[in-house]
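The values are calculated or read from the model by the stated rules, or taken from the named source; none is laboratory data. Computed from a prediction, not measured in an experiment: that's the story for all the values here. Methodologically, a virtual Cβ is constructed for each residue, glycine included, from the backbone with ideal geometry; neighbour enumeration extends over all protein chains shown.
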Amino acid sequence: MARTIENELAEIESRGLLRRTRLIEGRQGTHVNCDGREVLLLCSNNYLGLADHPALATAATAAIREYGTSSGASRLVSGTMALHEQLEQAVARWKQSEAALIFNSGHAANTGIIPALVGRGDVVFSDRLNHASIIDGILLSGARLVRYPHNDIVRLARLMEQHQTSGRVLIVSDGVFSMDGDLAPLPGLVELARSAGALLMVDDAHGSAVMGEQGRGSAEFLGVRDGVDIQMGTFGKALGSFGAYAAVSEQLRRLLVNRCRSFIFSTSLPPAVLAASLAAVELVQSPEGDQLRQRLATNSAAFRRNLAAAGFVIPDGSTHIVPIVLGSAGGTMGFCEELLTEGIFAQGIRPPTVPEGTSRLRFTLMATMADADIADATACICQVGRRRGVL
Ligand SMILES: Cc1ncc(COP(=O)(O)O)c(C=O)c1O
């Protein structure tokens, strides 16, 4: 059969994998209007509720008034504004790193940083469940990709022995895994990286601002902040803004500025976004930040406890990302649609985002949810689960 666009779409649909965007109206709060219906939003990465926090909105609007709407160029041409440098300094102070570099998104960070560090002749060891943007970065780099079983330090050590190189070695892992909500074994990764002279990169898109003291992230939480060479995090999730950062040494920053194609060849982030990120970085280090993290932990624990008590299989852990793996794509989307009619939006996640046969509902909590939101949501999920024969 000819490979027409029509055939390709039909093939995706026949496998139950056709995706469409859903219209969300209003602010990114705990409740939104989704496709015309008021729902509890249980699949946003706005973990601390900062996406509609007045401090960020005020900072963003003030920046537009003062600096306009665009940076006008890439950073190395004329697009470096004072706000870029202020944000990098603020991130470095917060993360207690020598330096930081800002990227236009987490995807741009991963597809820029990895090819800047490794290429032909080098080897990258990557957790099997790492985010797609990490894989994209590795493929773009031309380095040899060796995937190790999820969080398996013993197998990783063996693979590192098998795949020795005279080139550079990079180990890369999510900090908090985006679709599973578990933590990487960072102390073990640090030890392996040190003994092999490898670089260690952690993508902390889902741990940034949430994990560790003052939200410094998974490496801080697990006591190995100084052992991670590249701590990447995003501003678009718990930090309620947009873009990404890499907390690195001064030397690594200089290399990234010179080698990172997504940094060099792209217009830099605009003033409003930078100012919102700056406000967010300040906020997450304040007592309000501590309260929000505490509240998120309480909500996550209650949500996990209620679903486990009803009989759902919830992976071990305590984070704000809670998957229920259902297996089939069709069953997952059916569950998702039924929840929507009950007023809960939890997007079904299917391949290629997750491995074949592990389609799931991926629930994410917010600090700004009330006790009643958690109680009502878990009761409703259990009811739908029973109706569908999942429980
Ligand atoms: C682990 C991880 N890394 C990177 C990204 C990409 O970040 P961004 O959305 O800022 O492009 C995501 C986003 O979903 C993610 O979950």
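Residue under question is G137, and the condition is that it be under 17 Å from the mean Cα position of the chain (by Cα) and buried (at least 16 other Cβ atoms within 10 Å of the Cβ); does it hold? Yes.
Taking segment 358-383, which residues are over 28 Å from G16 (Cα atoms) and among the hydrophobic types (A, V, I, L, M, F, W, C)?
Taking segment 358-383 as the starting set, the residues that turn out to be over 28 Å from G16 (Cα atoms) are 366-376.
Within segment 358-383, M366, A367, M369, A370, A372, I374, A375 meet the criteria.
Taking the listed residues R128, R120, the one that is farther than 22 Å from R75 by Cβ and within 16 Å of the ligand (Cβ to nearest atom) is R128, with no other qualifying. Going through (1) out of contact with any His (no Cβ under 9 Å at 6 or more places or on another chain); (2) in contact (Cβ under 8 Å) with a residue 24 or more places away in the chain one by one, G348 falls short only on (2).
The set of residues in segment 187-199 that are on the phi < 0 side of the Ramachandran plot and either away from the ligand (no atom under 16 Å from the Cβ) or surrounded by fewer than 24 Cβ atoms within 10 Å (Cβ to Cβ) (or both) comprises P187, G188, V190, E191, L192, A193, R194, S195, A196, A198, L199. Criterion applied to T69, T30 was being hydroxyl-bearing (S, T, Y) and touching a Gly at 6+ places or on another chain (Cβ under 8 Å), and the one residue passing it is T30. Working only within segment 168-183, note down all residues that are of a type outside the set (D, E, K, R) and away from the ligand (no atom under 11 Å from the Cβ). Matches in segment 168-183: V169, L170, I171, G181, L183.
In this structure, does R216 turn out to be within 28 Å of L278 (Cβ to Cβ), surrounded by fewer than 23 Cβ atoms within 10 Å (Cβ to Cβ) and in contact (Cβ under 8 Å) with a residue 60 or more places away in the chain? No; evaluated as a whole, the condition is false for this residue. Just one of (1) farther than 28 Å from I135 by Cα; (2) at pLDDT 95 or above fails for V390. It is (2). Is there a residue being within 30 Å of G343 (Cα to Cα), within 15 Å of the ligand (Cβ to nearest atom) and in contact (Cβ under 8 Å) with a residue 24 or more places away in the chain anywhere in segment 79-102? Taking every residue of segment 79-102 in turn, none turns out to be within 30 Å of G343 (Cα to Cα), within 15 Å of the ligand (Cβ to nearest atom) and in contact (Cβ under 8 Å) with a residue 24 or more places away in the chain. R259 meets each of the listed conditions (1) in contact (Cβ under 8 Å) with a residue 24 or more places away in the chain; (2) buried (at least 22 other Cβ atoms within 10 Å of the Cβ); (3) of a type in the set (D, E, K, R) apart from (2).
Tell me the residue from L48, L76 that is in a loop (DSSP other than H, G, I, E, B), of a type in the set (A, V, I, L, M, F, W, C) and under 22 Å from Q231 (Cα atoms), please. It would help to see each step written out before you state the result.
Details: L76 fails: under 22 Å from Q231 (Cα atoms).
L48 is the lone residue from the list that is in a loop (DSSP other than H, G, I, E, B), of a type in the set (A, V, I, L, M, F, W, C) and under 22 Å from Q231 (Cα atoms).
Restricting I349, I314, I321 to those that are hydrophobic (A, V, I, L, M, F, W, C), at pLDDT below 95 and under 15 Å from F177 (Cα atoms) reduces the list to I314. Return yes when G236 is small (G, A, S), touching a strand residue (DSSP E or B) at 6+ places or on another chain (Cβ under 9 Å), modelled with pLDDT of 95 or more and surrounded by 23 or more Cβ atoms within 10 Å (Cβ to Cβ) and no when it is not. Answer is no for this residue.
Taking the condition acidic (D, E) and under 23 Å from the mean Cα position of the chain (by Cα), does E25 pass? The answer is yes for E25. Of the residues in segment 367-387, how many are over 21 Å from V313 (Cα atoms) and in contact with a helix residue (DSSP H, G or I) (Cβ under 6 Å, 6 or more places away or on another chain)? Of the residues in segment 367-387, 2 are over 21 Å from V313 (Cα atoms) and in contact with a helix residue (DSSP H, G or I) (Cβ under 6 Å, 6 or more places away or on another chain).
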